[in-house]
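Please read the structure below before turning to the comments.
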Amino acid sequence: MKKLLVTGSSGLIGSEVCEYFAQKGWAIHGIDNNQRAVFFGNQGDTRWNQKRLESKIKGFVHHEIDIRDRTAILDLIDSLRPDAIVHTAAQPSHDLAAKIPFDDFDTNAVGTLNLLEATRQFVPSVPFVHMSTNKVYGDAPNEIPMLELATRWDYADLTYQHGIPESFRIDQSKHSLFGASKLAADIMVQEYGRYFGLKTCCLRGGCLTGPNHSGVELHGFLSYLVKCNLEDRTYKIFGYQGKQVRDNIHAYDVTRFIEEFMAAPRSGEVYNLGGGKENTCSILEAFEIVAALTNKPMVYEYVPINREGDHICYYSDLRKIKDHYPNWYITKSLNSIFADIVAAWRDEICMN
């Protein structure tokens, strides 16, 4: 039986990957130390998801390891010798990183290096998938001429009518410390592919979402927005008139691409992986969609100062990823994503 090692296994993408590949007959090993609860408090706690995986996946093995612990990572990969590695563990908050710069960099950059070097030493032929972020482009996308519409911003330059491509520049822009640490990891993943020949790829995610997201204000846009609506909490809009745009992709479709890459891996590749233009929405549009599903108006407050380095408009150009992997496509529409998240939060609220 093939063995899959997933870091951040209790998180949104990690848990989806664990479940999906378990159904395909893989033996699943997860690394997670619930660092999200340290970063975000009780609302960010993911132990519930760990317990869910342990009860749902036969033979699931949980490893309580911090990816910053180099010796522990080397020892685990040496003893386990997995057939593939999916790295989703991270400090994921754009805003929080400035308050914890060492924790942020050590988790995102150094933790990734620990995993890459262990892979090179012990299993250099296996696919290594790294969940990167669109924040590697910094705020450079904001320099694109924008068109202001009634409820959203969009690109006025037709060069970007399909979204941001992988060739978009990554330097000479403000990334936030989170974006900088993730960019360091992204480049290192590429380098281990190009320099050592490892089968690596960086998935520069758009708005990754789904029902297993422990959304909080500083991370987890749609999940947190839906939770606020259902619990009558005030949602804060930070700048750009609430017209800032993101492309949303369900964790299931992310996992489906990971399967495609693992079946035909390349070395040192990067892909922009989001919902594409069809799955975009602004914050104002998200309010309308969730209100239609819950029959509850959104309670919100507008803060005129935008987050440092935040994107005005971002959606992924999916042409390269579809060219390299033509069997992959988006299966979850924007409305179905909202419906899944609403249903999950309703169940959670009823249980509590």
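Among the residues of the range 285-297, are any part of a loop (DSSP other than H, G, I, E, B) and in contact (Cβ under 8 Å) with a residue 60 or more places away in the chain? Yes, the conditions are met somewhere in the range 285-297.
Taking the range 144-160 as the range and being under 22 Å from LEU284 (Cα atoms) and either touching a residue at least 12 places away in the same chain (Cβ under 8 Å) or in a strand (DSSP E or B) (or both) as the test, the residues that pass are ILE144, PRO145, MET146, LEU147, GLU148, LEU149, THR151, ARG152, TRP153, ASP154, TYR155, ALA156.
Counting the residues of the range 100-143 that are touching a helix residue (DSSP H, G or I) at 6+ places or on another chain (Cβ under 6 Å), aliphatic (A, V, I, L, M) and farther than 19 Å from ILE67 by Cα gives 1. Looking only at residues in the range 172-203 that are surrounded by fewer than 22 Cβ atoms within 10 Å (Cβ to Cβ) and on the phi > 0 side of the Ramachandran plot, the one that is modelled with the highest pLDDT is GLY197.
Rundown of residues vs (1) without any contact (Cβ under 8 Å) to a residue 24 or more places away in the chain; (2) in contact with a Pro (Cβ under 9 Å, 6 or more places away or on another chain), yes/no style:
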position	(1), (2)
HIS29	no, yes
ASN34	no, no
LYS56	no, no
THR71	yes, no
LYS99	yes, no
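In the range 169-182, the residues that are hydrophobic (A, V, I, L, M, F, W, C) reach residues that are in a loop (DSSP other than H, G, I, E, B) with C-beta atoms within less than 6 angstrom, at least six apart or across chains, in these pairs: PHE178/HIS94.
If I filter the range 342-349 for residues that are buried (at least 18 other Cβ atoms within 10 Å of the Cβ) and assigned to a helix (DSSP H, G or I), do I get at least one hit? Give the steps one after another, and end with the answer.
Filtering the range 342-349 down to residues buried (at least 18 other Cβ atoms within 10 Å of the Cβ) leaves 342, 345.
Remaining after also requiring assigned to a helix (DSSP H, G or I): 342, 345.
Yes, there is a match, as at least one residue in the range 342-349 is buried (at least 18 other Cβ atoms within 10 Å of the Cβ) and assigned to a helix (DSSP H, G or I).
The values are calculated or read from the model by the stated rules, or taken from the named source; none is laboratory data. Every value quoted in this text rests on a predicted model; they were computed, and no experiment measured them. Using ideal geometry, Cβ is built from the backbone for each residue, glycine included, and neighbour counts are taken over all protein chains shown.
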